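Everything below concerns the one structure shown next.
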Amino acid sequence: MSDEHSHDDTDHEHGDHHQPGTHDHHSHDRDELGVAVLTVSSSRTLDDDAGGDRIVDAMETAGHEVTTRDLVPDDYDKVQATVQRFVDRGDVDIVITTGGTGVTPDDVTVEAIDPLLAKELPGFGELFRRRSYEEIGTMVVATRATAGVADGVPVFAIPGSENAAALGAELIVSSAGHLAGLAGRDDEHDHEDDGGHDHESDGAHGQGGEHTHDHGDDAGNHHDH
């Protein structure tokens, strides 16, 4: 099998010169993204959401803008409705959820998001579990991190612990611009016509209210699924 794969619909080639975690910049890649972050938890608030804070830090450090952030309990309908609301926003290019991806009865994030996805991106979950195995071993089988595309917007679902959120954010940063560019190619002219997004953050919603990014070290080192 050849090491080089040609894709007629995306006009890019992947050769053996790529290093892990990197890719060549393509014309459809987006350098600045509007990011929506949703924490799914019945026990936390945005004021003590270390995992969510790590995601925000990673996105902003990479030059993206968190245009909205919210927190909802482990409730199927609320998770699904909030993700759909984020996807429908004009200033959101990718959605990241954290929490509710485990195997307890309360973990419903994956089930809530799945009906919204027109395309699945199984490679993200596979890569996340491969990297997580290095830290938590066979416990990784309980991690259901996933990703897909909803109405042209990449959606990522990662666990809620601080370490897992940091790993997920690292993987998302390395691929989000590429995926958002590919998934949203049909409406590229809209971005060009309006000169880009008018990214105006609407602040925090839901249980957390207004918040500041408090990065403490009191979060556990295990992946809370």
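Here are the numbers:
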| read-out | value |
| --- | --- |
| From the C-alpha gyration tensor of region 28-194, square roots of 5λ in Å | 24, 17, 15 |
| Ranked packing of 175-183, 133-141, 69-77, most packed first, by mean Cβ within 10 Å | 175-183, 69-77, 133-141 |
| Burial ranking of peptide ranges 164-174, 108-118 (average Cβ count within 10 Å, highest at the top) | 164-174, 108-118 |
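The numbers here are math on the coordinates, done by the rules we state, and not lab data. The structure displayed is predicted, hence computed values, not measured ones. We place every Cβ from the backbone using ideal geometry, glycine too, and count neighbours over all the protein chains shown.
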